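The structure appears below as structure tokens.
Any read-out appearing in this document is the output of simple, stated calculations on the displayed coordinates, not a laboratory observation. As the structure is a computational prediction, the values presented were derived from the model and not from experiment. We place every Cβ from the backbone using ideal geometry, glycine too, and count neighbours over all the protein chains shown.
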Amino acid sequence: MAGSVYARQVRRGAEGKKQALPVLIHGDAAVAGQGVNQEMLNFSNTRGYGTGGTVHIVVNNQIGFTTSDLRDYRSSLYCTDIFKMIEAPIFHVNGDDPEAVALVTQIAMEYRQEFKKDVVIDIVCFRKLGHNEQDEPMVTQPLMYKKIAQHAGTRKLYADKLAAQGVIVAGDAEQMIKDYRAALDEGRHLIDPVISDYQSKFAIDWTPYINVPYTEKCDTTVSMTEMQRLSKRLTTVPDNFTLHSRVQKIIDDRKQMGEGKLPVDWGMAENLAYASLVAAGYNIRVSGEDVGRGTFFHRHAALHDQNRESGTRALSGRCRTSQKTRAASCASTRCCPKKPCSPSNTASPPRRRTNWWSGKRSSATSPTAPRW
């Protein structure tokens, strides 16, 4: 989900992180037990994966009740302690108080929009029934579920509160329930759509690809003149950028490949393919470990200045690149902006880098969030 939101943010440009927001809903057992959460949090502040903050909602309803004894369940006090690894603020709120949940949600949203960081809402509540119709949670949690059996339910408690305050009159709450169930039975919308027939300008029209054979012929040829131009751009390195001797040999060989003096190898062909796509206006995202240089030292779509530890430059006209994620080789002047671009809304430490289209060096900073 976070990756899907990231793609939407990229399509929206510089304001993407303000306009698209990832919201993840976790269970209390899953948030502490699933390794993918730790991986996601580790990536949350990186340049190539950061979404400018995810709002995490933990429905802490004792769903992991068969192992709820903390001696068997986990080694931390709260199921949300995993979020402390990125110093995200964590709001523990009583699920029986809807107004408190709404207030905390508003605070969490304001924090995320201001600091572009992850934030967590831990709704402490309970699960009234088991995992399925035949499950009986009282088998493993007898005392807890004796108390739960006596609980009127959050909806009833809040309805009684509103009635006592004079917000609703007697019978209103029950009528709302009847109307809601009637709408479900009749297949009607539970809410009235705010906008009908809305078409987002960022939506992609897939109709041309429906019922089209995968063997359909398409022209992917690139002229030799364009290949030579791309090759020259791929092998042009600034004078103040020092390459490792082995990498310099690769670049020198690729220059000869572009001139027809050497056969084109796999790495050069791959970079030419990326470059031709980027030159045509397509974004290229290659994600994974070592993708910048290639696991077998063959790709080198990212070069490292040997005189600077963080001197990394992707051969790209796109801003949104990272140490582990590189948009591929840009060789089109029309892909590069007129002014040096800087990674907007990043949460990683400031890094100096070389903008190849300008020859200048720039620095980028991120908003400073309070330490929690």
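If you take the Cα Rg of segment 176-309 and divide it by 2.2 N^0.38 Å, with N the number of residues, what do you get?
Details: Rg = 25.2 Å, N = 134, 2.2 N^0.38 = 14.1 Å.
Segment 176-309 yields a ratio of 1.78.
If the chain between residue 244 and residue 14 were fully stretched, how many nm would it gain, using 0.36 nm times the residue separation less the Cα-Cα distance?
Extending this stretch completely gives an extra 79.4 nm.
Size of segment 2-151 along its principal axes in angstrom, Cα-based, largest extent first?
54, 32, 28
Once amide H atoms are built 1.01 Å from N in the peptide plane, which residues 5 or more positions from residue 57, or in another chain, come under 5 Å H to H?
Under 5 Å from the amide H of residue 57: 24, 25, 26, 121.
Using 0.36 nm per residue, how much length does the chain from residue 2 to residue 202 gain when fully extended, once their Cα-Cα distance is taken away? The partial results should precede the final answer.
On the way: separation 200, 0.36 × 200 = 72.00 nm, distance 1.74 nm.
So the extension gain works out to 70.3 nm.
How do 180, 49 rank when sorted from fewest to most other Cβ atoms within 10 Å of their own Cβ? Mind showing how you got there, number by number?
Values: 180 11, 49 18.
Ascending number of Cβ neighbours within 10 Å: 180, 49.
Got a sec? How would 80, 46 order by Cβ neighbour count within 10 Å, fewest to most? Please report the intermediate quantities before stating the final value.
Details: 80 22, 46 15.
The order, fewest Cβ neighbours first, is 46, 80.
Arrange the following residues from fewest to most other Cβ atoms within 10 Å of their Cβ: 121, 284, 250. Walk me through the intermediate numbers first.
On the way: 121 24, 284 17, 250 21.
Listed from fewest to most nearby Cβ atoms, that is 284, 250, 121.
Please list 3J(HN,Hα) in residue order for segment 159-167, calculated via the Karplus relation 6.51 cos²θ - 1.76 cosθ + 1.60 where θ = phi - 60°; whole Hz, with x for glycine and proline.
Computed from phi, the couplings for segment 159-167 are 4, 5, 5, 5, 5, 5, 7, x, 6 Hz.
Would segment 107-242 count as rounded, prolate or oblate if I go by the C-alpha gyration tensor, calling it rounded below 1.5 in a/c and otherwise prolate when a/b exceeds b/c, oblate otherwise?
Working: a/c = 2.58, a/b = 2.12, b/c = 1.22.
It is prolate, given that a/c is not under 1.5 and a/b is the larger ratio.
Cα gyration tensor of segment 230-283, axes a ≥ b ≥ c as square roots of the eigenvalues: rounded (a/c below 1.5), prolate (a/b > b/c) or oblate?
oblate
By average Cβ neighbour count within 10 Å, what is the ranking of 287-298, 211-222 from highest down? Don't skip to the answer; put the middle values down first.
Working: 287-298: 13.7, 211-222: 6.9.
Going by the mean number of other Cβ atoms within 10 Å, highest first, we get 287-298, 211-222.
If I take R0 = 51 Å and measure r between the Cβ atoms of residue 138 and residue 287 in this structure, what FRET efficiency does the formula 1/(1 + (r/R0)^6) give, to the nearest 0.05? Provide the component values of the computation, followed by the final result.
Numbers: r = 46 Å, r/R0 = 0.91.
With R0 = 51 Å, the Cβ-Cβ based efficiency is 0.65.
Given labels modelled 7 Å from the Cα in the Cβ direction, how far is it in nm from residue 158 to residue 266?
Between residue 158 and residue 266, the simple spin-label model gives 5.8 nm.
HN-Hα J couplings of segment 151-157 from phi, Karplus 6.51/-1.76/1.60, θ = phi - 60°, integer Hz, Gly and Pro as x?
7, 6, x, 4, 4, 5, 4
Could you pull out the pairs from 17/255; 156/201; 128/161; 18/255 whose alpha carbons sit more than 31 Å apart here?
On the way: 17/255 39 Å; 156/201 43 Å; 128/161 21 Å; 18/255 42 Å.
Listed pairs above 31 Å: 17/255; 156/201; 18/255.
Cα-based Rg (one decimal) and Dmax (whole number) for segment 154-193, in Å?
Expressed in Å, the Cα Rg and Dmax of segment 154-193 come to 12.1, 34.
Taking θ as phi - 60°, what are the ³J(HN,Hα) couplings along segment 265-278 by the Karplus curve (6.51, -1.76, 1.60), each to the nearest whole Hz, with x for Gly and Pro?
8, 4, x, 5, 4, 5, 5, 5, 5, 4, 4, 5, 6, 5
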